[in-house]
Amino acid sequence: MLYDDDDHDLFLTPPVSCYSATKGGASRHMIVNGRSHRIAVKIKCSNNDVYRVSPVYCNLEPGQSVRLQVVRDAGQPGTDKLVVIYRPSRYSNPRDAFKRREGRDDSDIKKKLIGLIAREDRYEEGAAPPLPPSGPPLEDGTVSPTPFIDGAPAHTQPSPHH
């Protein structure tokens, strides 16, 4: 089997995010309900000292999606994770789906992970990161001095050769 049925229950992308340990950063993830019924979602984090997540709880109707925002504060480099816990739900408040109740069967709870990687910056402290080339490569292998934005020149100046 190429895909597991769990792959289609809850679609989650991207499954990994990288951050600067010294500066922190943010990432966005898309969560989509692939089931034919409502699910409740709960997000848990392995390191609440440097990560903030929103939303922590939500309900998703069939085919509905939600954007998960993850913010990392500056801190030590390391690897952490978000655990995306989900289950079928009939509750209007998603927190109610995860409250412990005597006699309730929790075998329908499923989990997926998002990897959170904070790396040290690869350049000298106090030095600016290296800048990418400012324009497209030319035939002679050098780089055009014209800055590009989204594949188009940011500004057009007349060439002295024309």
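The values are calculated or read from the model by the stated rules, or taken from the named source; none is laboratory data. Keep in mind that what you see is a predicted model, and the values were worked out from it rather than measured. All Cβ positions, glycine included, derive from the backbone under ideal geometry; neighbour counts span all protein chains shown. Side chains are part of the model used for accessible areas, which takes the heavy atoms of the whole protein and leaves out ligands, DNA and RNA. Shrake-Rupley method; radii C 1.70, N 1.55, O 1.52, S 1.80 Å.
Descriptive notes on the structure:
- Qualifying residue in the stretch 45-54 (condition: farther than 23 Å from F11 by Cβ, modelled with pLDDT under 95 and among the basic types (K, R)): no
- Each residue in the stretch 98-121 was checked for being among the basic types (K, R) and either surrounded by 14 or more Cβ atoms within 10 Å (Cβ to Cβ) or touching an Asp or Glu at 6+ places or on another chain (Cβ under 7 Å) (or both), and 2 pass.
- P14 vs. criteria over 23 Å from F98 (Cβ atoms), open to solvent by 30 Å² or more (accessible area, probe 1.4 Å) and of a type outside the set (G, A, S): yes
- Qualifying residue in the stretch 55-70 (condition: closer than 15 Å to R119 by Cα and either of a type in the set (K, R) or more than 14 Å from the chain's Cα centre (by Cα) (or both)): no
- Boolean, S27 is crowded, with 16+ Cβ neighbours inside 10 Å and either more than 30 Å from Y91 (Cα to Cα) or aromatic (F, W, Y) (or both): no
- If you filter the stretch 79-97 down to residues that are out of contact with any Gly (no Cβ under 8 Å at 6 or more places or on another chain) and open to solvent by 40 Å² or more (accessible area, probe 1.4 Å), you find that the one that is farthest from Y51 (Cα to Cα) is R90.
- Residue in the stretch 84-104 that is β-branched (V, I, T) and modelled with pLDDT of 95 or more present: yes
- Condition check for V71: out of contact with any Lys or Arg (no Cβ under 6 Å at 6 or more places or on another chain), of a type in the set (A, V, I, L, M, F, W, C) and either at pLDDT 95 or above or open to solvent by 30 Å² or more (accessible area, probe 1.4 Å) (or both): no
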